[in-house]
Amino acid sequence: MSWDFLIITIFSCIFQAFILFIVYGTFGNVIFRKKIIVLIPYLAYCILICVISVFVTNKIVGLLVSMGLLYLLGIFYKMGVAKRIVTPLIFIGLLIGTEMLIGGITTSITNSSIEQIQASPFFYMQGAIGSKIIVFFIVLIVRHFNNKLEIKGSTLLSVFFVIMPIVANMFLYAIQELMYTSVSETTSILTLVVSLCFIFIIIAMIYIMDYSIRANYNKNQMKLINNALQEQIKSYNVLIENYKFNNKQMHDINNQITILKGMCKNDNNYIQEIDNVSNIVESAQSIVYTGISSLDAILNSKFNDINNLGIPFEKQIMLTEVKIDSIKLSILIANLLDNSIEESKRLQEESKESKITLKLQSIGDSLNIFIKNKSRNITTERTAKANKFKHGYGTEIIKKIVEDFDGSILTEKTENDYSVSVLIHQM
């Protein structure tokens, strides 16, 4: 293999490894604590693919070895069996398909034979690198959909993101036309170097545009989440004020009942009636008392909702001292319970068993929140409510508050149960 074909092959293999790095990163998480360690097997992948391209002439053998290397890389990722099997097949299929497509278009436009294409480094570059630019673009689009991101941002960014692969291939074709008729070796070398630099810039621009679109989307999402959180804070502040007012009224009523019982101590009939009223008042008072007004207000409100829906409910609350923002903590628990209540309502509609369990406890500087509910298979939609613009940010608000508290969240799904564990260090 001549030096120019070798340079193109090396560049192509490195680019392929980079694309594969994004592919596996889209569908799985690395098994290492430090993600940078995964670059070592990708470096080895680049070298092996280059060696295969240079020394293995049998295409079927080369393809089988390449597939084996792809599956070998998959062991460094936590992925489902289906994704682990299908992802490399689709990736190789895209590479072969786009290369054949570009080769077919090139030969039809230029009326070149296969022998002529194989003999020209610039035709080789068109197939080896131009096809991967298209695959690169497809992979980035798939990542957007997999992460449920809308391909938005500024219109200009989106347009350039789409047309860059086309521009790159048009440029490569123009270079082919120029160099196919060139006889100067110096011009060929210079053009090859310039072409590779241009392709590198194109790849970088596509990736930067993709990053900008994702960053812009995430920024807009964060604004929506912050707005939804502020709306919840306003709404729950009203609930908290009402709770405080009602508690004061209940306290005053209890005092009046005590006075009345003292005034009627010699009349058992009156005392009996007053006791009946006292029992009614007690039944209307709080189901739970933690000493934190905001938390008591929200917990009692959600517990009443659960009781009214007839959902079996277990609670275990052991709080000593809360050193974090009590409003945000209350909203965090409210959203966790809302998710459990919503899922339980769906189960009731399907005449299935429902149950919610809440454990809330503080141990030293650690605050633990555990909520479990009976569940169907978890849906991919953000919310089941009709107005998805107004609703459906509960899960995102949960993540944001946990991040604000510098805590950790762990979810677990079994056949019939779904649980969420939150650990917060109160420092």
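The values are calculated or read from the model by the stated rules, or taken from the named source; none is laboratory data. Bear in mind that the values here come from a model prediction, so they are computed numbers and not experimental data. As a convention, Cβ positions derive from the backbone with ideal geometry for all residues, glycine included, and neighbour counts pool all protein chains shown. These area figures cover heavy atoms from the full protein model, side chains too; ligands, DNA and RNA do not enter into them. Shrake-Rupley method; radii C 1.70, N 1.55, O 1.52, S 1.80 Å.
Conditions tested, residue by residue: (1) closer than 22 Å to Ile37 by Cβ; (2) among the hydroxyl-bearing types (Ser, Thr, Tyr).
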residue: Asn58; (1), (2): no, no
residue: Leu64; (1), (2): no, no
residue: Tyr71; (1), (2): yes, yes
residue: Met79; (1), (2): yes, no
residue: Arg84; (1), (2): yes, no
residue: Thr98; (1), (2): no, yes
residue: Ile102; (1), (2): no, no
When the stretch 398-420 is checked residue by residue, the ones that are aromatic (Phe, Trp, Tyr) and open to solvent by 40 Å² or more (accessible area, probe 1.4 Å) are Tyr418
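Results for (1) buried (at least 16 other Cβ atoms within 10 Å of the Cβ); (2) under 18 Å from Tyr124 (Cβ atoms); (3) of a type in the set (Val, Ile, Thr); (4) without any contact (Cβ under 8 Å) to a residue 40 or more places away in the chain, shown as yes or no for each residue.
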residue	(1), (2), (3), (4)
Leu20	yes, no, no, no
Gly28	yes, no, no, no
Ile31	no, no, yes, no
Ile40	no, no, yes, yes
Ile49	yes, yes, yes, yes
Val56	no, yes, yes, yes
Ile60	no, no, yes, yes
Leu64	no, no, no, yes
Leu73	yes, no, no, no
Checklist entry - Is there a residue being at negative phi, at pLDDT 75 or above and among the polar types (S, T, N, Q) anywhere in the stretch 111-124? => result no
Okay, helices (runs of 4 or more DSSP H) sitting entirely in the stretch 1-89 with 3 or more residues that are more than 19 Å from the chain's Cα centre (by Cα) and within 20 Å of Phe200 (Cα to Cα), I get 3-27, 39-55
With criteria (1) of a type outside the set (Asp, Glu); (2) modelled with pLDDT of 85 or more; (3) loosely packed, with under 12 Cβ neighbours inside 10 Å, Ile92 comes up short on (3)
Scanning the stretch 146-162 for residues that are part of a helix (DSSP H, G or I) and at pLDDT below 80 gives Thr155, Leu156, Leu157, Ser158, Val159, Phe160, Phe161, Val162
inquiry  = It is to be established whether one or more residues within the stretch 189-203 are at pLDDT 75 or above, part of a helix (DSSP H, G or I), touching a Phe, Trp or Tyr at 6+ places or on another chain (Cβ under 6 Å) and within 16 Å of Ile138 (Cα to Cα).
reply    = no
Out of curiosity, is Thr290 at pLDDT below 85 and open to solvent by 90 Å² or more (accessible area, probe 1.4 Å)? no
If we keep only residues of the stretch 306-335 that are over 30 Å from the mean Cα position of the chain (by Cα) and assigned to a helix (DSSP H, G or I), then the residue surrounded by the fewest Cβ atoms within 10 Å (Cβ to Cβ) is Asn308
Within the stretch 336-372, the residues that are among the acidic types (Asp, Glu), assigned to a helix (DSSP H, G or I) and open to solvent by less than 70 Å² (accessible area, probe 1.4 Å) are Asp338, Glu342, Glu343
If we keep only residues of the stretch 199-245 that are within 30 Å of Ala174 (Cβ to Cβ) and small (Gly, Ala, Ser), then the residue farthest from the chain's Cα centre (by Cα) is Ala204
